[in-house]
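Worksheet for the structure shown next.
Derivation of every value follows stated rules applied to the coordinates shown; laboratory data play no part. Please read these numbers as outputs of a predicted model, since none were measured by experiment. Heads up, the Cβs are rebuilt from the backbone with ideal geometry, glycines too, and the neighbour counts pull from every protein chain shown.
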Amino acid sequence: MFKKEIQKDILEQKTLEFSSLRSNKENLSQSELLRYEQLKKELNRERVTLSKDIFSLDKKINAEKATLLLKINKKNKQEKTIEEIKNSDSLELDINEKTNNINSLKEIVIEKKAAKEEYSVELFELVNLKADLKKILKHQKKLFTLTIEKVVKDIEDNNVKITKKEINIEALEEKLKNRLDLIKIIDGVFEKDKNIENDFSFVIKNLNVFYGEKQALFDININIPKNKVISIIGPSGCGKSTFLRTLNRINDEISVFSAEGEILLDGEYDIYKLRSIKNKNDKIEITELRTKIGMIFQQPNPFPMSIAKNVSYGPKINGIKNKAILNELIESSLKDAALWDEVSSNLNALGTSLSGGQQQRLCIARTIANKPEILLMDEPTSALDPIAASKIEDLILKLKKDYTIIIVTHSMQQAARVSDYTAFFYEGELIEFDKTQKIFSNPKEKRTDDYIRGKFG
Ligand code: ADP
Ligand code: MG
């Protein structure tokens, strides 16, 4: 009834491999990352199976223990009965009484016969009575022996059954112990990283994207690590913006747009099916999704309202009315976006009155105010002067502590400066994804090498 038992040594080997991949997670190649992800999944699945086993074993052991107890009670009862029968004088008395009766009848018959008295009828009855009593006596003796034999046999049988039960329970308990040991091995390796489930902001599988007949992205498979900066590079028209916009579903607005494949937010929520892959009843709203995944565009686009209102716009829409909370959010978001010092004295000024770089940081503050997990940035500095751009870059490095940031950039220097990982797209395909340092020093693919050396693009 249980799944084929997993070998302890195999499990230990897997957890060791998993641990070592994790400890070196900063430097994993894409294939190692996939292996890491696969191991994590396998270990998780194994853990689920083990818990199920443990649960049903525990239930089974309790049931076995209960029947064993019943049997022991029955056996005790039968032992008592056999003692009772052996010690009981009532049956003995009965038999003795009847034996005495027969004997006295016998004497009376002998007497009467000897006296030859004419009590023929009486004599006849007496003889019959004697015979009946003999019969009853014989029957009672037989019954007595049978009862004792049966009880003895029952007890012997039960003893066999009880030992069998005891062995059965021992075996089950052994199995249970084995499962508990195995689960401890898995928990041991998971213990080190409580956020194991959330190592990836996005797990993307076989993503194909179309604008009508035209395919813009081809079979993209990529895992986006959490709280890292990921650069998307590649020549114009290769699908960078399409990829980014597919991640928070703003491409839905385009009527000819369609996407196939799976995009899992936090490795769990299918953003196109809008539900958890772990629990189909666990749903996510598209508005919630967009709150979790903020987006910054190439052209800063503050709303035509005050700086303060730009920032509080999202929280207000999400139902926050308390002025103190809103003011606190405005201040903390502007501070996080490294804009507070420049605007705190004039929060009522129009957002659009700020410089380009400030406007972009205002847009970042506005996005941060919604408490997102992920920030998507589509060439956020390409409309800015170098000083304003470098302020945004500094900000990105500061923000990655709290957010996963995916940034599309045309600037190779920018990708090298700000990102931990770099994905190179070419003609709608993901050519290479690796640590930024690896991509820029020793890429695997020739096309990546050509692109970063400026041979095309
Ligand atoms: P990138 O951001 O790398 O420059 P895009 O994602 O903008 O590339 O474009 C990828 C491909 O998809 C291009 O061939 C482009 O013409 C096409 N494309 C982008 N947006 C649309 C759209 N709204 N309708 C049709 N085709 C589009
Ligand atoms: Mg683009």
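The magnitude of the dipole of region 147-283, with charges of +1 and -1 set on the Cβ of Lys/Arg and Asp/Glu and taken from the Cα centre, is near 340 debye.
In this structure, the residue pairs whose Cα-Cα separation is over 28 Å, taken from Lys25/Lys283; Lys74/Lys98; Lys280/Lys435; Lys177/Lys280; Lys435/Lys455, are Lys25/Lys283; Lys74/Lys98; Lys280/Lys435; Lys177/Lys280.
At q = 0.08, 0.11, 0.13 Å⁻¹ the log10 of I(q)/I(0) for the chain amounts to -0.65, -0.97, -1.19, computed by Debye summation with a single uniform scatterer per C-alpha, solvent ignored.
Can you give me the relative contact order of region 230-297 as a percent, contacts being Cα pairs under 8 Å and 6 or more apart? List each step's numbers first, then the result.
Working: 47 pairs, mean separation 12.6, N = 68.
Worked out over region 230-297, it gives 19 percent.
Calculated translational diffusion coefficient of region 381-457 (10 °C, 1.306 mPa s; Stokes-Einstein with Kirkwood radius over alpha-carbon pairs) equals 119 µm²/s. For region 62-69, 3J(HN,Hα) computed residue by residue from phi via the Karplus equation (6.51, -1.76, 1.60; θ = phi - 60°) reads 5, 5, 4, 5, 5, 5, 4, 4 Hz, glycine and proline entered as x. When the trypsin sites (Lys or Arg not before Pro) in region 273-314 are filtered for DSSP coil states and for at most 10 other beta-carbon atoms within 10 Å of their beta-carbon, the remaining sites are Lys280. In terms of distances greater than 26 angstrom between alpha carbons, the cross-link table entries Lys14/Lys401; Lys292/Lys446; Lys226/Lys371; Lys292/Lys398; Lys228/Lys292 yield Lys14/Lys401; Lys292/Lys446.
Put simply, the convex hull of the Cα atoms in region 324-400 casts, on average, a shadow of 5.2 nm². In a reduced charge model with +1 at each Lys and Arg Cβ and -1 at each Asp and Glu Cβ, the chain shows a dipole moment near 480 debye about its Cα centre.
Looking at region 350-457, which GluC sites (Glu not before Pro) are in a loop (DSSP not H, G, I, E or B) and have at most 12 other Cβ atoms within 10 Å? Don't skip to the end; give the middle numbers.
Numbers: sites: Glu373, Glu393, Glu427, Glu429, Glu432, Glu445; in loops: Glu373, Glu427, Glu445.
Sites meeting the loop and neighbour criteria: none at all.
The relative contact order of the chain, computed from alpha carbon pairs under 8 Å that lie at least 6 residues apart in sequence, is 16 percent. Could you give the angle, 0 to 90 degrees to the nearest 10, between helix 323-336's Cα long axis and the longest principal axis of the Cα atoms of the chain? Taking Cα atoms only, the helix is inclined about 70 degrees.
Exactly which chymotrypsin sites (Phe, Trp or Tyr not before Pro) in region 351-457 are in a DSSP loop and have at most 15 other Cβ atoms within 10 Å?
Numbers: sites: Tyr403, Tyr421, Phe424, Phe425, Tyr426, Phe433, Phe440, Tyr451, Phe456; in loops: Tyr403, Phe456.
Answer by residue number: Phe456.
Farthest towards the positive end of the charge dipole of the chain, among the residues Gln13, Gln359, Ile286, is the Cα of Gln13, using unit charges on the Cβ of Lys, Arg, Asp and Glu.
The angle separating the long axis of helix 89-115 from the principal Cα axis of greatest extent in the chain is about 20 degrees. In percent, rounded to a whole number, the relative contact order of region 136-232 is 16, using alpha-carbon pairs under 8 Å and six or more apart.
Remark: region 353-369, residue by residue, has Karplus-estimated 3J(HN,Hα) of 7, 6, 6, x, x, 5, 4, 5, 5, 5, 5, 5, 4, 4, 6, 4, 4 Hz, where x stands for each Gly or Pro and the curve is 6.51 cos²θ - 1.76 cosθ + 1.60 at θ = phi - 60°.
Provide the percentage of antiparallel DSSP beta bridges, counting only those with both residues in the chain; round to the nearest 5. List each step's numbers first, then the result.
Details: 28 of 45 bridges.
In the chain, approximately 60 percent of DSSP beta bridges are antiparallel ones.
Can I get the semi-axes of region 275-358's equivalent ellipsoid? Compute them from the C-alpha gyration tensor as square roots of 5 times the eigenvalues, in angstrom, largest first. Walk me through the intermediate numbers first.
Numbers: eigenvalues 171, 50, 24 Å².
Equivalent-ellipsoid dimensions as semi-axes: 29, 16, 11 Å.
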